[in-house]
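Take a look at the structure set out below.
The values are calculated or read from the model by the stated rules, or taken from the named source; none is laboratory data. Given the structure is predicted, the values throughout are model-derived calculations rather than measurements. A quick note on method: Cβ atoms are made from the backbone with ideal geometry, for glycine too, and the neighbour counts reach across all protein chains shown.
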Amino acid sequence: MFKLNEIRELVRLLDETSIAEFNYEIEGAKLSIKKTAEGVQILSPVVQAAPVAAAPAPAAPALTPAPVEAPAAEVKAAAPAPAAAPKADDPSLHKIVSPMVGTFYTSPAPDAAAYVQAGARVEEKTIVCILEAMKLMNEIEADVRGEVVEVLVENGQLVEYGQPLFLVKLD
């Protein structure tokens, strides 16, 4: 299974080249990354149960612990999501969504304070985060007035087009 930091590094490397499409497969897991006019798109990794050939078997034990541990960690990280899902589906809350594919940042610099946190009041032009796409820093503004109830994305996380970033209780 691919780790988030590995995917992020592949996207950065692809960004620095003229390669338009990149496909990678290892141990039955596939990853496809495409550069488009809108930015870099990561197609969902596909994990296939593929039989392991007899020749790679000696190398497999050395590599087996990391993939076995990684999905367990991802399952633990994904476990809180169902608990948050009912809140995200609450029709009284407005979702501020990502207008592009990129890397989500809560502040203008690593040592600076976050633009907004849960409990913060926002206006229609309040900057709520930065999305880095193709080496450009794009300030994302709130499109409504209200109170930020929850930040749905971690600092430095890759986000997709249309992915909810914040939940806002409208005034």
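Observations, loosely collected:
- Against the criterion of being crowded, with 16+ Cβ neighbours inside 10 Å, part of a strand (DSSP E or B) and over 13 Å from the mean Cα position of the chain (by Cα), Glu150 qualifies.
- Any strands (runs of 3 or more DSSP E) falling wholly within region 87-134 and containing at least 1 residues that are touching a strand residue (DSSP E or B) at 6+ places or on another chain (Cβ under 8 Å) and more than 24 Å from Glu16 (Cβ to Cβ): 93-97, 127-133
- Residue match in region 129-136 (condition: under 20 Å from Ile7 (Cβ atoms) and of a type in the set (Lys, Arg)): yes
- Being of a type outside the set (D, E, K, R), surrounded by 11 or more Cβ atoms within 10 Å (Cβ to Cβ) and at pLDDT below 95 holds for only one residue in Pro108, Pro65, and it is Pro108.
- Residue under evaluation Ile130, criteria (1) out of contact with any Gly (no Cβ under 7 Å at 6 or more places or on another chain); (2) on the phi < 0 side of the Ramachandran plot; (3) surrounded by fewer than 16 Cβ atoms within 10 Å (Cβ to Cβ), criterion not met: (3)
- Top-ranked residue in region 153-171 [being assigned to a strand (DSSP E or B) and of a type in the set (A, V, I, L, M, F, W, C); ranked as modelled with the lowest pLDDT]: Leu170
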